[in-house]
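Structure first, commentary second.
The values are calculated or read from the model by the stated rules, or taken from the named source; none is laboratory data. If you're wondering where the values come from, they're calculated on a predicted model, not measured in any experiment. Note: ideal-geometry Cβ built from the backbone for every residue, glycine included; neighbour counts use all protein chains shown. Keep in mind that these areas ignore ligands, DNA and RNA; they rest on the heavy atoms of the full protein, side chains included. Shrake-Rupley method; radii C 1.70, N 1.55, O 1.52, S 1.80 Å.
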Amino acid sequence: MKKITMEKMVNLCKAQGFIFQGSEIYGGLANTWDYGPLGAKLKNNIKDSWRKYFIQKNKTAYEIDADILMNPMVWEASGHTSSFSDPLVDCKHCKNRFRADNLIDDFDATAVADNMTSEDMVDFIKEKKIPCPVCGKSDFTDIREFNLMFETSRGVIKDDKSIVYLRPENAQGEYVNYLNVKRTTRSNLPFSIGQIGKAFRNEITPGNFTFRTIEFDQMEFQTFCKPGEDSKLYEFYKNYAKEYLMSLGIKEENLRYHDHEKLAHYAKAACDIEYKFPFGFGEISGTHNRTDYDLSRHQEYSGESMEFIDPETNERYIPYIIESTIGADRLTLAILFEAYDEEELENGTREVMRFSPKLAPYKVAILPLIKKMHTDKANELFEQLTEEFAVSFDASGSIGKRYRRQDVMGTPFCITVDDDTLNNGTVTIRDRDTMQQETLKVEEITNYIKEKIK
Ligand code: GAP
């Protein structure tokens, strides 16, 4: 397995059509990225795999699709307007902005800014004379808490009453629909609500390609349960999330758990799963025990009862919530790094993306050997196979070049249509990973590929 640097990955993504800089023709907009033809397919396949693993396989899990814009009271109740902030300092000399906790952690990895108060952080920065990473001076402002929510306004007149927020997490969409989903699915506890969708954060220090951006997709899954059953479910979902990541082909040695000491305002316990990126281990998923915090707060702020009445004992309680969340963009980035490989062959280096076949943007490529002679038959095959799979069609260049192109796109199978296809209805199918070729009858192809990508 060949390692690839972040810089080389950014270039590969741009060259192949996985990910482009956002608004590129205008010089871009910092830390925004657009998924290209291959990237959009890869990310969608990842979302589909999450749907299957978390929703479809679970009798009592339901997917919803809530709006990004929500009543501003949601964010008062959830605590985001008061507590969803990062500690910000400005360098008085060069005016650049930094997160105080990052300055401390980058300066002294043993310091653990996570466990410090704002005052502790200011004292630490002054005492150690931590230098500004840009100009080298050590002269910072005091800490200001910087709220990460994006504000926008609705209506024609921009006044306080019209402020709305772009949601900073999907979870609240699931919480405010807890009663609706429970009623319409006639659910007992425990049951789960999941959704995939955009979240927005005005991050102070975005970076590392798509790892930390201001707009990103979350795949979130909330399990509502009886208090007392929360700790068992928390352990279950920590494990389940890791198994899911490994089912996508991520090796266990590239994953690690990270238990949180300093908890978000809503959590009793929290554990990340981190992936080994070239810049170090970084969080891709989190499991949180959010207790009854969210539903209690929504009950208090909305006046709607969130109590569950146990049908057997008549006991009344507000359910606890175990959250499993995964960033779709971070997972896509991890999958890109995990898949990359370089192989030395007699005739040069082959770059290959070894995606698990279920995630590969295209499952199969159809290559007519000679354009003029074999394209009609290849088109026929294309029609047939696109009923089942995403199929790439490439009729230009030597077969060797076409194989290389499909390797770096991560296409698991290439089918060559040649005279044998016209004369006796057979094709050659080449495996991306082994480069071995097999002869198959045209009517066998669909089942062959289905079996391999299961
Ligand atoms: N609902 C809980 C929640 O939002 P979080 O740990 O803040 O928890 C969940 O975010 C996931 O969203 C993270 O594990 C990460 O994968 C992804 N994520 C968070 N901030 C991100 C950012 N700025 N850019 C890309 N992905 C991000």
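Worth a mention:
- Taking the criterion of being more than 14 Å from Thr223 (Cβ to Cβ), more than 9 Å from the ligand (Cβ to nearest atom) and open to solvent by less than 60 Å² (accessible area, probe 1.4 Å), the residues of the stretch 298-328 that qualify are His298, Gln299, Met306, Asp310, Tyr317, Ile318.
- Cys94 satisfies every condition listed in (1) of a type outside the set (Val, Ile, Thr); (2) buried (at least 20 other Cβ atoms within 10 Å of the Cβ); (3) part of a loop (DSSP other than H, G, I, E, B) except (2).
- Phe200 vs. criteria among the aromatic types (Phe, Trp, Tyr) and within 13 Å of the ligand (Cβ to nearest atom): yes
- Looking only at the stretch 113-161, and only at residues there that are among the basic types (Lys, Arg) and in a helix (DSSP H, G or I), the one that is surrounded by the fewest Cβ atoms within 10 Å (Cβ to Cβ): Lys161
- Just one of the numbered conditions (1) over 14 Å from Cys91 (Cα atoms); (2) in contact with a Ser or Thr (Cβ under 7 Å, 6 or more places away or on another chain); (3) free of Cβ contacts under 8 Å to residues at least 24 places away in the same chain is not true of Phe146: (3).
- Scanning the stretch 414-437 for residues that are in contact with a Lys or Arg (Cβ under 8 Å, 6 or more places away or on another chain) and open to solvent by 20 Å² or more (accessible area, probe 1.4 Å) returns Leu422, Gly425, Thr426, Asp433, Gln436, Gln437.
- Residue tally, condition more than 30 Å from Arg212 (Cα to Cα) and free of Cβ contacts under 8 Å to residues at least 60 places away in the same chain, over the stretch 284-307: 5
- Hits in the stretch 256-295 - residues which are small (Gly, Ala, Ser) and either within 13 Å of the ligand (Cβ to nearest atom) or loosely packed, with under 14 Cβ neighbours inside 10 Å (or both): Ala264, Ala267, Ala270, Gly280, Gly282, Ser285, Gly286
- Exactly one residue out of Glu235, Glu252, Glu229 is out of contact with any Lys or Arg (no Cβ under 7 Å at 6 or more places or on another chain), assigned by TED's automatic domain parsing to the domain that holds Ile64, away from the ligand (no atom under 15 Å from the Cβ) and closer than 30 Å to Val10 by Cβ: that is Glu252.
- Among the residues making up the stretch 346-356, those that are open to solvent by 10 Å² or more (accessible area, probe 1.4 Å) and closer than 20 Å to Leu12 by Cα are Gly348, Thr349, Glu351, Arg354, Ser356.
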